[in-house]
Amino acid sequence: MQVPGGSAVLGYVYYTGLYGPMSYHVDGFWIDTFEVTNTQYSDFVAQTGHASAAFHDDEEFNIADQPVTGVLWDDAVAFCSWAGKRLPTEIEWEKAARGTQGQIYPWGAEADFSLAHLEGTVPVSVNSFGADISPYGVRGMAGNVSEWVSDTREVRAGMCHDTHEIPRNIPQEMRDILAELKAANGGKLPELCVSPDEVDHSIPAEPCAFIKGNSWNGRPHMTVASNRMWDYTNSYAEFVGFRCAKNN
């Protein structure tokens, strides 16, 4: 699906994700309508000799039209490159999921978790849950499997996100949200809103990458499109897949 260039309201007030809600400029791009399936990934493996997905021989996870899981970040990068594409950035992924007005879920503001595949024991077909659809027609961004994006960082002291305070030009909307959160938290900002301490860069680092979108294995609060997760780039999970993007 094509996502036109321009500004979009993205992020949330937590330092563990893209900071906002505020306007970001995003260049136009294309993004896959669906997550990459087992069939597509198997074709890639057959044509390139790349290693199979970790669950390729598990009958619960290797159904043809399920999203592929059990892939490392490098595997996702390799597949997208083979397909003439790339992984989307976090900002691109979030705009594709939220549109330009910063809606909370791909389908809008309503916290109706029945609209996405957010429970069970395995992924379902990428064609399932037709209401889990973004303003641009992108499917499955709230549930089914979470998705690798291209943004990488380094893990130090258990943190894979910006490890220092970044100067913020805080708009009024953000100030209002922070005031509400502070009032609801006994007069203190929640920990996720407080700028992190500086990390000792003498600590050995390991590469990590961001993950977006909830899954059948997640918790309800993770369904908001601004939510960010992460994992080590050399790790895989049965609830993490990916989709590809490309420049206009």
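Counting only alpha carbon atoms, the long axis of helix 73-82 and the longest principal axis of the chain meet at about 60°. A simple spin-label model places the labels of E154 and N234 1.6 nm from each other, with each point 7 Å out along Cα-to-Cβ. A simple count of charges around P67, restricted to other residues whose Cβ falls under 12 Å of its Cβ and scoring Lys, Arg +1 and Asp, Glu -1, yields -3.
Short-range pairs are left out: with C-alpha atoms under 8 Å and at least six residues apart, the relative contact order of region 2-247 is 30 percent. Our coupling estimate for region 51-64, obtained by passing each phi through the Karplus curve with A = 6.51, B = -1.76, C = 1.60 and θ = phi - 60°, is 4, 5, 4, 4, 10, 5, 10, 9, 5, 7, 10, 10, 5, 3 Hz, Gly and Pro reported as x. When you restrict to C-alpha pairs under 8 Å that are six or more residues apart and normalise by the size of region 111-248, the relative contact order lands at 35 percent. Mean residue ellipticity at 222 nm, helices only, the chain: -5000 deg cm²/dmol; runs of at least 4 DSSP H residues each add -39,500 (n - 2.57), and the sum is divided by the number of residues. Put a plus charge on the Cβ of each Lys and Arg, a minus charge on the Cβ of each Asp and Glu, and nothing anywhere else: the dipole of the chain about its Cα centre is then about 700 debye. If you wrap the Cα atoms of the chain in a convex hull and average its projected area over all directions, you get 13.9 nm².
In summary, the aspartates and glutamates within cross-link reach of K188, defined as a Cα separation below 13 angstrom excluding same-chain residues under 8 places away, comprise E180.
With N as its number of residues, region 125-248 has a Cα radius of gyration that, divided by 2.2 N^0.38 Å, comes to 1.25.
Candidates L72, H50, G143 compared by Cα position along the dipole of region 2-247: farthest toward the positive end lies G143, with charges placed on Cβ. For region 57-174, the equivalent ellipsoid built from the Cα gyration tensor has semi-axes of 27, 22, 14 Å, listed from largest to smallest. Annotation: amide H of G241 within the under-5 Å range of S146, E147, W148, sequence separation 5 or more or interchain, hydrogens built in the peptide plane. The residues neighbouring Q103, those whose beta-carbon lies less than 12 Å from its own, together hold a net charge of 0 under the Lys/Arg +1, Asp/Glu -1 convention. For region 7-85, a/c is not less than 1.5, where a ≥ b ≥ c are the root eigenvalues of the C-alpha gyration tensor, and a/b tops b/c. That puts it in the prolate class.
Applying a 4.7 Å Cβ-Cβ cutoff to the chain, the cysteines left without a disulfide-compatible partner are C193. Comparing D200, D74, D32 in a Gaussian network model of the chain where C-alpha atoms under 10 Å apart are linked, the largest mean-square fluctuation is found at D200.
Read-outs throughout are calculated quantities, based only on the coordinates presented, and are distinct from any laboratory measurement. These numbers were taken from a predicted model, which means no experiment stands behind them. When we count neighbours, we look across all protein chains shown, and the Cβ atoms used for this are built from the backbone with ideal geometry, even at glycine.
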